[in-house]
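Student: One structure, pasted below without further comment.
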Amino acid sequence: MIPPIARRFVAGESAAAALEHARECNDRDLKVILNLLGEHYTDPVDADDAAREYATLLEDLAGTGLDACVSVKPSQIGLDVSETRFRDNLGTIIDRADEHDRFVWIDMEDHTTTDATLDAFEEFVTARGGGMGVCLQANLKRTREDVERLADVPGKIRLVKGAYDEPATVAYKSKERVDEVYGQLLDYAFEHYDDGIAVGSHDPVMIDRARELHDEHGTPFEIQMLMGVREDAQEELAREYDVWQYAPYGTQWFSYFSRRAMESRKNALFALRAVLGR
Ligand code: FAD
């Protein structure tokens with residue numbers, strides 16, 4: 001069972017709990033991106049199980065009327081086994097999403113996976129004619145080219161700053177530089193993307209910039225934030241824009257929760273207060 005302290009960041013251990021969380025979010029005008037926790041599976045059985053669980057989740061979502069979609073990690077559905085396994089499992093998920101007309105996001109992991117992830121995304125989204133999105137990370141030096149590459153491909157991109165500690169050969173290391181590049185990528189994307197951009201950030205500066213760019217270019221956009229982070233802002237922004245809350249669930253919640261709790265001093269203090277009971 002997930003302790004209350006972790007429940008702030010994790011929707012529950014089961015698909016049923018995740019759907020219940022999605023309903024509560026929808027009641028607050030937040031749409032929901034459901035992510036089954038788990039990554040870096042080297043046993044194909046684990047990867048296939050995860051793909052099946054996503055397929056079942058998509059079945060469960062059908063007919064609920066919930067405004068929800070899914071986001072999958074490549075290494076969760078087979079990329080650490082082989083590219084073929086990853087694509088086969090992604091295909092299983094996409095087939096089910098097609099049947100039930102649901103959007104599928106692909107998370108982006110460390111830089112060694114970027115090519116395989118983007119190649120698979122481009123192939124599937126082109127065949128599907130949209131209905132999918134992929135995450136791109138501003139801290140990677142290659143991302144400007146990737147954003148340009150995907151501009152004429154159907155589907156959406158989720159622009160994030162990047163969560164992985166990458167080597168300086170491939171990534172910008174200073175926060176200032178990553179922020180600067182993130183802003184430049186927003187500028188480019190709002191000018192060149194028709195299918196929409198997801199601003200995957202809690203940063204008020206970047207969100208304000210996206211709002212201004214939206215006013216200037218009219219490009220559709222949505223804001224995506226993590227469950228448990230700036231929830232008040234999520235609700236406030238949802239009065240004016242599409243806000244999607246990324247809500248992880250599953251039994252493997254501990255490491256995800258630890259990362260979130262330690263990520264910022266604010267979250268760490270929250271965790272400490274909860275432990276101390278005040
Ligand atoms: P930061 O640069 O960390 O902070 C900027 C400002 O935002 C802060 O000064 C503060 O004002 C505000 N802020 C940030 N956090 C908090 C907080 N906890 N409480 C209050 N205010 C806060 N990364 C990947 O590498 N791959 C992915 O697939 C991926 N998917 C993501 C999906 C979503 C929906 C989101 C929101 C993030 C995702 N990330 C992903 C993580 C991302 O790369 C960043 O590591 C993470 O979002 C932190 O960057 P930031 O832009 O939110 O803000």
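Student: Within region 207-255, count every residue that is out of contact with any Leu (no Cβ under 9 Å at 6 or more places or on another chain), small (Gly, Ala, Ser) and more than 16 Å from His21 (Cα to Cα).
Tutor: 2
Student: I've got another one for you. Can you name the strands (runs of 3 or more DSSP E) wholly within region 113-205 that have at least 2 residues being charged (D, E, K, R)? Explain how you work it out, then say what you get.
Tutor: Numbers: elements: 132-137, 156-160, 197-200.
In region 113-205, the matching strands (runs of 3 or more DSSP E) lie at 156-160.
Student: Let me ask something else about it. Any chance you could count how many residues in region 68-90 are part of a helix (DSSP H, G or I), small (Gly, Ala, Ser) and open to solvent by 10 Å² or more (accessible area, probe 1.4 Å)?
Tutor: Step one: list which residues in region 68-90 are part of a helix (DSSP H, G or I), which gives 74-76, 83-90.
Okay, now just the ones that are also small (Gly, Ala, Ser), so 75.
Okay, now just the ones that are also open to solvent by 10 Å² or more (accessible area, probe 1.4 Å), so none.
Adding up the residues that qualify gives 0.
Residues are listed down the side, and each one gets a yes or a no for (1) without any contact (Cβ under 8 Å) to a residue 40 or more places away in the chain; (2) within 10 Å of the ligand (Cβ to nearest atom); (3) within 11 Å of the chain's Cα centre (by Cα):
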| position | (1), (2), (3) |
| --- | --- |
| Val104 | yes, no, yes |
| Asp107 | no, yes, yes |
| Asp110 | no, yes, no |
| Ala116 | no, no, no |
| Ala120 | no, no, no |
| Glu123 | yes, no, no |
| Arg128 | yes, no, no |
| Met132 | yes, no, no |
| Gln137 | yes, yes, no |
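Student: Considering only region 208-236, how many residues are out of contact with any helix residue (DSSP H, G or I) (no Cβ under 7 Å at 6 or more places or on another chain), open to solvent by less than 20 Å² (accessible area, probe 1.4 Å) and more than 6 Å from the ligand (Cβ to nearest atom)?
Tutor: 4
Condition check ((1) in contact (Cβ under 8 Å) with a residue 12 or more places away in the chain; (2) under 22 Å from Gln234 (Cα atoms); (3) in contact with a helix residue (DSSP H, G or I) (Cβ under 8 Å, 6 or more places away or on another chain); (4) near the ligand (Cβ under 9 Å from one of its atoms)) across all residues:
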site	(1), (2), (3), (4)
Ala151	yes, no, yes, no
Pro154	yes, no, yes, no
Ala171	yes, no, yes, no
Lys175	no, no, no, yes
Asp179	yes, yes, yes, yes
Tyr182	yes, yes, yes, yes
Ser201	yes, yes, yes, yes
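The values are calculated or read from the model by the stated rules, or taken from the named source; none is laboratory data. Since the model is a prediction, treat every value here as computed from it, not as a measurement. Cβ sites come from the backbone with ideal geometry, for glycine too, and all protein chains shown count toward neighbours. Accessible surface areas use protein heavy atoms only, side chains included; no ligands, DNA or RNA. Shrake-Rupley method; radii C 1.70, N 1.55, O 1.52, S 1.80 Å.
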